[in-house]
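Peer 1: Following this message is one structure expressed as structure tokens.
The values are calculated or read from the model by the stated rules, or taken from the named source; none is laboratory data. Since the structure is predicted, the reported quantities are computational estimates derived from the model, not experimental observations. Note that each Cβ is placed from the backbone with ideal geometry, even for glycine, and that neighbours are counted across all protein chains shown. To get the accessible areas, we keep the full protein, side chains included, count just its heavy atoms, and leave off ligands, DNA and RNA. Shrake-Rupley method; radii C 1.70, N 1.55, O 1.52, S 1.80 Å.
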Amino acid sequence: MAESHILKRHPANPILVAEQFPRPVNSVFNAAATKFGDQYLLLNRVEDLTGSSCLWLARSDDGIHFTPDPEPAMIPAEEEPFRTVERFSLEDARITQIGDIFYITYVAYSKYGCVTSLARTQDFQTYERVAVMTLPDNKDVVLFPELIGGRYAKLDRPMTRQPSSGDIWISFSEDLVYWGDPRPVMKPQPRKWDEFKIGGGAPPIRTPDGWLEIYHGVRTTASGFLYRLGAALLDLEEPWRIVGRAAEAILSPSAPEDFKGNVGNVVFTCGAILEADGEIKVYYGAADQVMCLATCRVEDLIALCLQGV
Ligand code: BMA
């Protein structure tokens with residue numbers, strides 16, 4: 001079957017499944033992705049048999065075949081102020097490298113709802129928690145890999161409308177702890193594939209034409225939510241300004257694994273890697289069950305964004 005979308009699924013999909021983990025788990029999905037030395041790393045959301053998730057690293061030499069570590073990288077914290085907000089679950093991490101530090105933004109669930117917290121590592125052996133970054137309910141936080149006007153910058157998705165809908169915002173910080181100067185960046189597009197809610201996916205990637213943001217968009221249908229991926233370009237100096245936004249989704253559920261898992265009709269990304277040769281690898285969770293890979297040329301994605309303005 002010809003692939004209709006710009007992102008092409010890798011023939012090895014799914015590239016990581018629950019059965020590969022060293023103990024019984026329910027599912028592996030929505031992984032952060034980065035390169036570390038010669039290796040590719042996925043920091044996966046792994047849901048155990050009780051229904052709680054932790055963050056579990058898997059390593060690869062080729063970006064396709066991954067081996068999970070023997071133990072999870074991060075489980076809910078024992079120390080405050082993290083303990084209170086992490087009691088239930090750690091979910092949907094994103095990794096941004098700034099200098100030689102890898103920052104991890106991750107969703108933490110507790111009886112207070114969901115917040116996003118920040119941790120850091122330099123070796124992917126030990127992880128240091130930095131701060132609780134947001135109030136509830138705010139997730140889909142992606143950190144820019146460079147300072148913007150001398151400040152750290154993040155995209156996030158506060159829940160601004162009921163029921164549970166929201167837009168992508170940007171805010172800034174001098175120390176990664178206290179965030180302010182918030183501005184709206186992107187809204188759902190009325191009567192389009194991302195009409196209900198949107199949220200940041202992979203951390204922004206610098207391109208000559210702007211920050212490439214691969215995001216998820218949701219439409220409500222007769223069979224529930226339909227999660228797809230889209231792309232936008234944000235101005236390099238003033239990233240609250242949209243330079244281009246692809247009119248069409250760049251990946252939609254259509255492969256068997258996108259329908260067959262715990263939550264059907266879902267493709268959801270938390271990480272993409274731009275290779276030196278211009279290939280972009282987008283790692284995504286399918287049906288909240290397995291990890292998959294899709295690729296395309298970065299220049300094609302940029303062109304699609306610029307056509308859509
Ligand atoms: C979102 C997040 C994701 C999940 C998606 C589809 O709200 O919880 O982790 O993949 O729903 O269930």
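Peer 1: Using just the alpha carbons, could you tell me how many Å³ per residue the convex hull of segment 182-225 encloses?
Peer 2: Details: hull volume 4.3 nm³, N = 44.
Per residue, the Cα convex hull of segment 182-225 comes to 99 Å³.
Peer 1: Ok, one more. How large a share of the accessible area of segment 203-274, in percent, is made up of carbon and sulfur atoms when the probe is 1.4 Å and the other protein chains stay in place? Walk me through the numbers before you get to the answer.
Peer 2: Values: 1350 of 2620 Å².
Carbon plus sulfur share of accessible area: 51 percent.
Peer 1: Now a separate question. So which GluC sites (Glu not before Pro) in segment 38-113 end up in coil per DSSP with only 16 or fewer other C-beta atoms within 10 Å?
Peer 2: Here the GluC sites (Glu not before Pro) that fit, given the DSSP loop and packing criteria, are E78, E79.
Peer 1: Also, I was wondering about something else. Contour minus end-to-end for F36 and E80, with contour as 0.36 nm per residue of separation and end-to-end as the Cα-Cα distance? Kindly include the intermediate steps, with their values, before the conclusion.
Peer 2: Details: separation 44, 0.36 × 44 = 15.84 nm, distance 2.95 nm.
That works out to 12.9 nm of additional length.
Peer 1: Another one. For Cα pairs less than 8 Å apart in space and 6+ apart in sequence, what is the mean separation divided by the residue count of the chain, i.e. the relative contact order in percent? Kindly include the intermediate steps, with their values, before the conclusion.
Peer 2: On the way: 875 pairs, mean separation 50.5, N = 309.
Over the chain, the number comes to 16 percent.
Peer 1: In segment 47-174, carbon and sulfur make up what percent of the accessible area (probe 1.4 Å)?
Peer 2: In segment 47-174, the share of accessible area belonging to carbon and sulfur is 51 percent.
Peer 1: Taking a quarter of the surface of the convex hull around the Cα atoms of segment 141-264, what do you get in nm²?
Peer 2: On the way: hull surface 34.4 nm².
Answer in nm², one decimal: 8.6.
Peer 1: Another one. Near the amide H of A231, under 5 Å away, which other amide H atoms are found, from residues 5 or more places off or on another chain, if H is placed in the peptide plane?
Peer 2: Those lying under 5 Å, H to H, from A231 are Y215, A246, I250.
Peer 1: Considering only DSSP states other than H, G, I, E and B, which GluC sites (Glu not before Pro) in segment 213-296 qualify as loop sites with at most 10 other Cβ atoms within 10 Å? Mind dumping the intermediate values first?
Peer 2: Details: sites: E213, E237, E248, E257, E275, E279; in loops: E237, E248, E275.
Here the GluC sites (Glu not before Pro) that fit, given the DSSP loop and packing criteria, are E237.
Peer 1: Could you provide, to the nearest whole Å², the per residue accessible area of the chain with probe 1.4 Å? Intermediate values should be presented prior to the final figure.
Peer 2: Working: 12770 Å² over 309 residues.
That works out to 41 Å² per residue.
Peer 1: Please compute the volume of the convex hull spanned by the alpha-carbon atoms of segment 51-137 and report it per residue in Å³.
Peer 2: Values: hull volume 9.8 nm³, N = 87.
In segment 51-137, the Cα convex hull volume per residue is 113 Å³.
Peer 1: Quick check on segment 195-309: what are the equivalent-ellipsoid semi-axes from the Cα gyration tensor, as sqrt(5λ), descending, whole Å? Can you show the working numbers first?
Peer 2: Details: eigenvalues 120, 51, 24 Å².
In descending order the semi-axes read 25, 16, 11 Å.
Peer 1: Looking at this model, which pairs from K111/K281; K111/K260; K139/K192; K154/K260; K35/K197 are more than 28 angstrom apart at the alpha-carbon? Present the calculation step by step, with values, prior to reporting the outcome.
Peer 2: On the way: K111/K281 36 Å; K111/K260 30 Å; K139/K192 23 Å; K154/K260 33 Å; K35/K197 30 Å.
K111/K281; K111/K260; K154/K260; K35/K197, as the Cα separations exceed 28 Å there.
Peer 1: I've got another one for you. Counting other Cβ atoms within 10 Å of each Cβ, which chymotrypsin sites (Phe, Trp or Tyr not before Pro) in segment 158-257 have at most 12 and sit in a DSSP loop?
Peer 2: On the way: sites: W169, F172, Y178, W179, W193, F196, W211, Y215, F225, Y227, W240; in loops: Y178, W179, W193, F196, W240.
Counting only loop positions with at most 12 other Cβ atoms within 10 Å, the chymotrypsin sites (Phe, Trp or Tyr not before Pro) in segment 158-257 are Y178.
Peer 1: Further question: Given 10 °C and 1.306 mPa s, how large is the Stokes-Einstein diffusion coefficient of segment 1-82 in µm²/s, with Rh as the Kirkwood radius over Cα pairs?
Peer 2: Answer from the Stokes-Einstein relation: 113 µm²/s.
Peer 1: Now a separate question. How are the C-alpha pair distances of segment 128-177 spread across 10 Å bins, as whole percents from the shortest bin up?
Peer 2: Result returned by the calculation: 24, 50, 23, 3.
Peer 1: Under 10 Å, Cα contacts only: if you run a Gaussian network model on the chain, which one of L251, L55, L147 comes out with the highest mean-square fluctuation?
Peer 2: Largest GNM mean-square fluctuation: L147.
Peer 1: Okay, next question. As a test question: what accessible area, to the nearest 10 Å², does R151 have when a 1.4 Å probe is rolled over all protein chains in place?
Peer 2: The accessible area of R151 comes to roughly 70 Å².
Peer 1: In Å, what Kirkwood hydrodynamic radius results for the chain from the alpha-carbon pair distances? Could the numbers behind the result be given before it?
Peer 2: Working: mean 1/r = 0.0524 Å⁻¹.
By the Kirkwood definition, the hydrodynamic radius is 19.1 Å.
Peer 1: Could I ask something else about it? Largest first, how would L135, L176 line up by accessible area (1.4 Å probe)? Walk me through the intermediate numbers first.
Peer 2: Working: L135 140, L176 5 Å².
Order by accessible area, largest first: L135, L176.
Peer 1: What does the highest-first list of 92-101, 121-130 look like by mean Cβ count within 10 Å? The partial results should precede the final answer.
Peer 2: Working: 92-101: 19.0, 121-130: 14.3.
Highest-to-lowest ranking by the protection proxy: 92-101, 121-130.
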